[in-house]
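Everything below concerns the one structure shown next.
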Amino acid sequence: MDYHNFLRLEFYSLPVNVGLARVAVAAFAAQLNYTVSELDDIKGAVSEAVSNAIIHGYEGAPDRLVKVVAMIRVDELEIIVEDSGKGIQNVEEVLQPGFTTAGERLGLGFSFIRSFMDTTDVQSAPGRGTRVIMTKRAGPREEHADAN
Amino acid sequence: MDYHNFLRLEFYSLPVNVGLARVAVAAFAAQLNYTVSELDDIKGAVSEAVSNAIIHGYEGAPDRLVKVVAMIRVDELEIIVEDSGKGIQNVEEVLQPGFTTAGERLGLGFSFIRSFMDTTDVQSAPGRGTRVIMTKRAGPREEHADAN
Amino acid sequence: MLDLECQGQTLIARLAGELDLQVADDLRARLDEALDQTGAANLVLNLEKVSFMDSSCLGVILGRYKRVAGNQGEMAFVAAPPRVRRVLELSGLFRIGKEFPNEKAALANLGQEVG
Amino acid sequence: MLDLECQGQTLIARLAGELDLQVADDLRARLDEALDQTGAANLVLNLEKVSFMDSSCLGVILGRYKRVAGNQGEMAFVAAPPRVRRVLELSGLFRIGKEFPNEKAALANLGQEVG
Ligand SMILES: Nc1ncnc2c1ncn2[C@@H]1O[C@H](COP(=O)(O)OP(=O)(O)O)[C@@H](O)[C@H]1O
Ligand SMILES: Nc1ncnc2c1ncn2[C@@H]1O[C@H](COP(=O)(O)OP(=O)(O)O)[C@@H](O)[C@H]1O
């Protein structure tokens with residue numbers, strides 16, 4: 001029997017919610033057979049993508065909605081982080097390590113996400129928003145995974 | 001400056017997601033000045049309402065959507081747990097302590113929710129679903145609440 | 001979630017973690033299986049390691065009580081943390097079993113020698 | 001999140017908890033304020049109690065490094081847990097400061113007597 005699960009989160013574009021998104025997605029991901037270090041990677045990726053939505057997408061406006069979807073399909077987790085903020089003109093350019101448009105940032109958010117996850121896709125339309133789609137496969141499910 | 005925050009969760013009607021909802025809402029509620037015991041009350045209320053949506057609302061179907069909204073308005077938390085399942089014929093009746101329609105349950109879920117929260121309202125339409133609206137006020141915000 | 005030990009006529013169930021809907025069916029099945037296999041008359045629930053309990057698992061406990069009591073057995077609670085005491089009190093379940101600070105005291109009271 | 005102590009020419013910043021966007025501005029402001037007030041040349045970051053760090057706070061660290069280095073000071077990292085080492089390595093930030101197992105070793109290396 002193939003295991004599927006689905007979680008959608010929507011929250012205000014407040015910095016305090018970055019930690020909330022990390023906690024919720026990690027609790028969801030923990031249903032798969034990830035190592036502690038892989039769960040830390042997932043937290044890291046969520047943190048970068050949600051921070052970007054707040055800082056860059058919404059430019060710090062506190063009451064816009066950040067959307068996060070997490071889906072489990074058998075042994076793979078897909079995470080989508082989406083904002084309907086200012087969008088990205090040139091996605092190729094912003095993916096370069098070190099590229100940043102905000103003061104005292106490293107320009108490494110996307111590099112981190114790519115290190116932490118198996119696949120990363122960034123879709124964006126200027127003025128319409130940005131969607132970051134990430135996947136990460138887990139180890140095979142243990143026999144007793146559901147038995148507690 | 002009045003503090004407002006908003007969180008929406010939607011997830012499959014799977015028992016494993018009851019804990020997820022507890023964790024996420026508690027992490028959200030922790031932004032207010034609740035005691036540990038009050039946060040435990042909030043976890044308890046979320047657990048009862050989400051379990052009811054899964055067991056009674058969706059009668060165990062695994063792939064229906066349970067919706068949870070949590071809102072902070074200044075020092076008050078409002079939580080809404082909603083399903084679009086079978087609904088309740090007579091809300092007055094099911095609120096009675098000990099009333100249950102499922103085997104080996106206590107019929108105390110709503111009594112617990114009422115003990116844990118300040119206000120509880122149950123809205124339901126047979127065949128359309130059920131919405132449980134709960135509020136709980138927190139202690140006044142501390143001066144340095146945002147500084148860490 | 002559950003560690004089981006039988007001492008004479010008494011089954012000791014050491015519960016742990018978050019006891020909610022997710023574990024309720026499994027908890028019920030494993031307690032019933034252990035009661036079947038050991039033929040124990042009494043049930044001691046050690047709650048020391050329980051971090052959360054809601055009405056789904058309280059229902060399982062009441063169900064096991066009915067089974068044990070129907071067999072002239074007794075039930076006892078051991079070391080319930082404050083949060084768990086609260087829901088046991090709210091639900092009235094403290095009335096179905098005595099409470100003890102540790103397993104030894106519970107076993108002594110249920111007329112057992114400590115093995 | 002932050003505990004500060006000045007020893008001679010060196011500011012020791014003991015960081016703790018989840019270092020993300022939520023605390024980045026506050027962390028920056030408090031480190032700059034401490035550097036202003038103490039006039040310290042060097043900065044030791046004790047990371048032992050840090051449970052999470054993402055690029056928002058790594059940016060703050062790089063910013064403080066630039067300030068300290070611009071003043072001919074040095075920076076050092078102390079007791080980074082594995083997870084924090086990982087992001088320091090990924091970001092290349094380990095290159096901007098030496099790493100030490102404890103504060104004493106860091107202070108000795110930065111030419112300080114332990115107070
Ligand atoms: N959600 C977003 N909306 C708009 N622009 C974005 C978004 N995410 C990233 N960007 C752009 O991509 C750049 C690089 O992002 P990133 O690699 O995370 O580094 P950093 O956040 O440090 O700038 C950002 O500086 C910004 O210009
Ligand atoms: N979301 C829901 N959808 C349909 N019926 C519900 C829902 N929540 C509660 N009920 C009804 O109300 C009754 C009492 O609920 P509750 O007090 O939580 O006790 P219990 O869950 O132990 O039965 C349930 O047995 C069920 O008939």
Fill in the blank from the handout: Around A:E76 (Cβ within 12 Å, Cβ-to-Cβ, excluding A:E76; K/R +1, D/E -1) the net charge comes to 0
Practice task
For the stretch A:71-79, take each phi angle, set θ = phi - 60°, evaluate the Karplus expression 6.51 cos²θ - 1.76 cosθ + 1.60, and give the result in whole Hz per residue in order, putting x for glycine and proline.
Solution key: 10, 10, 10, 6, 10, 10, 10, 10, 10
Practice task
Determine the distance separating the Cα centre of the stretch A:89-148 from the Cα centre of the stretch C:2-51; give it in Å without decimals.
Solution key: 44
Completion exercise
Partner shielding of B:96-108, taken as the mean number of other chain Cβ atoms within 10 Å, equals 4
Handout entry: Nearest-first distances (nm) between copies at B:A102, label 7 Å from Cα via Cβ
Key = 4.3
Fill in the blank from the handout: Around B:G129 (Cβ within 11 Å, Cβ-to-Cβ, excluding B:G129; K/R +1, D/E -1) the net charge comes to +3
Exercise for the section: Summarise the partner chain shielding of A:44-51 as one whole number: the mean count of Cβ atoms from other chains within 10 Å of each residue's Cβ. Expected result: 4
Exercise for the section: Return the percentage of antiparallel bridges among DSSP beta bridges fully within the protein assembly as shown, rounded to the nearest 5 %. Expected result: 70
Practice task
Sorted from largest down, give the three principal axis spans of the alpha carbons of chain C, whole angstrom values.
Solution key: 32, 26, 23
Exercise for the section: Using only the alpha carbons of the protein assembly as shown, determine the length spanned along each of the three principal axes and report them from longest to shortest in whole angstroms. Expected result: 82, 55, 48
Handout entry: chain B: relative contact order in percent, alpha carbon pairs under 8 Å with at least 6 residues between
Key = 27
Handout entry: Taking the C-alpha atoms of the stretch D:6-62, convex hull volume expressed per residue in Å³
Key = 67
Fill in the blank from the handout: Cα-based Debye curve of the stretch C:50-115 sampled at q = 0.12, 0.19, 0.27, 0.28 Å⁻¹ gives log₁₀ I(q)/I(0) of -0.31, -0.77, -1.26, -1.29
Problem - Residues A:T101, A:T130, B:T120 arranged by fewest to most Cβ contacts within 10 Å - result: A:T101, B:T120, A:T130
Exercise for the section: Find the chain B residue whose Cβ sits closest to the rotation axis that carries B onto A, and give that distance in whole Å. Expected result: B:A24, 2
Handout entry: Among A:V66, A:V18, A:V74, residue whose mean-square fluctuation peaks in a GNM of chain A (springs only between Cα atoms under 10 Å)
Key = A:V74
Practice task
Would you mind checking which residues have amide H under 5 Å from D:F100's amide H? H placed 1.01 Å from N; only 5 or more apart, or other chain.
Solution key: D:F77, D:V78, D:A79
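Which value in deg cm²/dmol, rounded to the nearest 500, describes the helix-derived mean residue ellipticity at 222 nm for the protein assembly as shown, given -39,500 (n - 2.57) per DSSP H run of n ≥ 4 and division by the residue count?
-11000 deg cm²/dmol
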Practice task
Compute the long axis of helix C:21-38 from its Cα atoms, compare it with the longest principal axis of the Cα atoms of chain C, and write down the angle in degrees, 0 to 90, nearest 10.
Solution key: 10
Fill in the blank from the handout: Taking every residue of A:52-63, the Cβ atoms of other protein chains inside 10 Å of its Cβ average out to 1
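Run the dipole for the protein assembly as shown about the Cα centre, Lys and Arg Cβ at +1, Asp and Glu Cβ at -1, nothing else charged, and hand back the magnitude in debye, nearest 20.
140
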Practice task
Using only Cα atoms, tell me the angle between helix D:82-91 and the longest principal axis of chain D; keep it within 0 to 90° and round to the nearest 10.
Solution key: 90
Practice task
Based on the mean of other Cβ atoms within 10 Å per residue, sort peptides B:51-57, C:37-43 so the most packed one is first.
Solution key: B:51-57, C:37-43
Handout entry: Share, in percent, of DSSP beta bridges within chain B that are antiparallel, nearest 5
Key = 100
Completion exercise
Given 4 °C, 1.567 mPa s and a Kirkwood radius over Cα pairs, the Stokes-Einstein diffusion coefficient of chain A in µm²/s is 83
Practice task
Please work out the C-alpha center-to-center distance from the stretch D:71-105 to the stretch B:1-76 and express it in whole Å.
Solution key: 39
Fill in the blank from the handout: In the stretch D:6-93 the DSSP beta bridges are antiparallel at a rate, in percent to nearest 5, of 15
Completion exercise
Charge tally for neighbours of C:L31 with beta carbon under 14 Å away, counting Lys, Arg as +1 and Asp, Glu as -1, is -2
Practice task
Give the nm distances, rounded to one decimal, from C:R95 to the matching residue in every other copy, measuring between label points 7 Å along Cα toward the beta carbon; shortest first.
Solution key: 7.3
Completion exercise
Tilt, helix A:36-52 to longest principal axis of chain A (alpha-carbon atoms), in degrees rounded to tens, equals 30
Problem - Nm distances between copies for D:N109, ranked from closest, using label points 7 Å along Cα→Cβ - result: 5.9
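Computed from the coordinates by the stated procedures, all read-outs in this text should not be read as laboratory data. All of these numbers come straight from a predicted model, not from anything done at the bench. Don't worry about glycine lacking a Cβ; one is built from the backbone with ideal geometry, like all the others, and counts go over all protein chains shown.
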